[in-house]
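*Asks:* Below is the structure I would like to discuss, written out as structure tokens.
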Amino acid sequence: MSRVLTRETLIEIFKCYEHLPEREDAEVTILKGHLLIESRLIEYIDFKLVNPGVFKSGKFKFSQLLMIARSLCESNLHANLWQSIDNLNHLRNKLAHSLESDEYETAINRFLDFHYSRFFKNQNKEYRALHESIISLYSSLVHLIAETT
């Protein structure tokens, strides 16, 4: 994944920071982060499709968007990115559909253990890890889209 930061790429990444201020709690960060990642998945799919107008008229679940985006990726170089996004979706679903806090805690640990251990080192604050992991996913999708265009 190319890490050359163009002006446009930086602007897109800063949008994520704008929507995910550090002062918000973990639940709000997860929900907003999920929406931000979803918007990037849609944009990635849009760039990869020959006739994106047909796609835009459909209503897709997050998991379906992820599957489509993953299938449009030419290589398996981004396997960690796709898995982290899938883990974020699982975490968001546990937050939204489970009253049991232990299921939510398990999902948050699963997300952080996988993503944070691959993209960040030696950080131990759970919220900071969650915040930076979501921003990292968003930024990775911005870069992936930039490579596509």
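The values are calculated or read from the model by the stated rules, or taken from the named source; none is laboratory data. Keep in mind that this is a model prediction, so the values were computed, not measured. As a convention, Cβ positions derive from the backbone with ideal geometry for all residues, glycine included, and neighbour counts pool all protein chains shown.
*Asks:* Can you tell me which residue within the range 52-62, out of those that are among the hydrophobic types (A, V, I, L, M, F, W, C) and assigned to a helix (DSSP H, G or I), is farthest from L144 (Cα to Cα)? So that I can check it myself, show each step before the final result.
*Replies:* Initially, the range 52-62 is screened for residues among the hydrophobic types (A, V, I, L, M, F, W, C), giving 54-55, 60, 62.
Right, trim to assigned to a helix (DSSP H, G or I) and you get 54-55, 62.
Working: V54: 22, F55: 19, F62: 18 Å.
Applying the filter and picking the extreme gives V54.
*Asks:* Here's something else I'd like to know. Could you figure out which of (1) more than 16 Å from the chain's Cα centre (by Cα); (2) part of a helix (DSSP H, G or I); (3) surrounded by 14 or more Cβ atoms within 10 Å (Cβ to Cβ) isn't true of L36?
*Replies:* So L36 meets the others, but not (1).
*Asks:* Taking interchain pairs and intrachain pairs at least six residues apart, which have beta carbon atoms under 7 angstrom, with the first residue in the range 51-65 and surrounded by 11 or more Cβ atoms within 10 Å (Cβ to Cβ) and the second of a type in the set (V, I, T) and in a helix (DSSP H, G or I)?
*Replies:* Note: pairs meeting the criteria are F55/I45; L65/I42; L65/I45.
*Asks:* Same structure again: What residue, of E24, E74, is at pLDDT below 85, charged (D, E, K, R) and under 20 Å from A129 (Cα atoms)?
*Replies:* Criteria check complete, one pass: E24.
*Asks:* Going residue by residue through the range 52-69, is there one that turns out to be under 20 Å from R110 (Cα atoms) and under 11 Å from the mean Cα position of the chain (by Cα)?
*Replies:* yes
*Asks:* Do we find that I45 is modelled with pLDDT of 85 or more, buried (at least 17 other Cβ atoms within 10 Å of the Cβ) and in contact with a Pro (Cβ under 8 Å, 6 or more places away or on another chain) in this structure? So that I can check it myself, show each step before the final result.
*Replies:* Details: modelled with pLDDT of 85 or more: yes; buried (at least 17 other Cβ atoms within 10 Å of the Cβ): yes; in contact with a Pro (Cβ under 8 Å, 6 or more places away or on another chain): yes.
So I45 passes the test.
*Asks:* So which pairs qualify, if the first residue must be in the range 1-14 and over 16 Å from L81 (Cβ atoms), the second must be modelled with pLDDT under 75 and among the hydroxyl-bearing types (S, T, Y), the Cβ gap must be under 7 Å, and the two must be at least 6 apart or on different chains?
*Replies:* Here the result reads none, with nothing in the range 1-14 linked to a residue that is modelled with pLDDT under 75 and among the hydroxyl-bearing types (S, T, Y).
Per-residue answers, yes or no, for (1) basic (K, R); (2) under 13 Å from R92 (Cβ atoms); (3) not in a loop (DSSP other than H, G, I, E, B):
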{"position": "C16", "(1), (2), (3)": "no, no, yes"}
{"position": "I30", "(1), (2), (3)": "no, yes, yes"}
{"position": "V50", "(1), (2), (3)": "no, no, no"}
{"position": "Q64", "(1), (2), (3)": "no, no, yes"}
